[in-house]
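Coordinate-derived values only; no laboratory data. Note that this is a predicted model, so its numbers are computed, not measured. Methodologically, a virtual Cβ is constructed for each residue, glycine included, from the backbone with ideal geometry; neighbour enumeration extends over all protein chains shown.
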């Protein structure tokens, strides 16, 4: 097995392990705080709906994310996620781990977990009007910030 495949499987297993036991949500919780539209500094928008995500770039048409956009692999789950394992997701990117440790001060957060193809994004609601997006693809990560519109 190649190191790339092994690291992707390890990262996927780590993300599954982050969900608290008994917390397998297949849809939004009744009072899901993430539902609605959020925007980044470039005015790109992400709209969380119960079973889909609508992406609206600042320049260009919006589109609904689904299996056709993700090589047949699309999953959206809502729930809560524990903080400690998140700070250890990217061992090859210590600067990113440091940023995660600094940003995540509570023991857990409301979350929207999006899997698209071999990558995905974890959206953590870290304040009433702020979401931290943790992007990952093939073991490489990045962060983004969104605010509620």
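Under 1.5 on a/c is rounded, so check that first for the stretch 50-133, then, if it is not, pick prolate when a/b is larger than b/c and oblate when it is not; a ≥ b ≥ c are the square roots of the alpha carbon gyration tensor eigenvalues.
Note, shape of the stretch 50-133 comes out prolate.
Below 8 Å, C-alpha to C-alpha, sequence gap of six or more: please give me the relative contact order for the stretch 28-112 in percent. Show your work: numbers first, answer last.
Numbers: 108 pairs, mean separation 19.6, N = 85.
Relative contact order, the stretch 28-112: 23 percent.
Separation between the residue 43 and residue 68 pseudo-spin-labels, each 7 Å from Cα along Cα→Cβ, expressed in nm?
So the two model labels end up 2.8 nm from each other.
Shape of the stretch 66-111 from its Cα gyration tensor (a ≥ b ≥ c, root eigenvalues): rounded if a/c is under 1.5, otherwise prolate when a/b > b/c, or oblate?
Note, shape of the stretch 66-111 comes out oblate.
What order do you get for 95, 69 when you list them from fewest to most C-beta neighbours inside 10 Å?
95, 69
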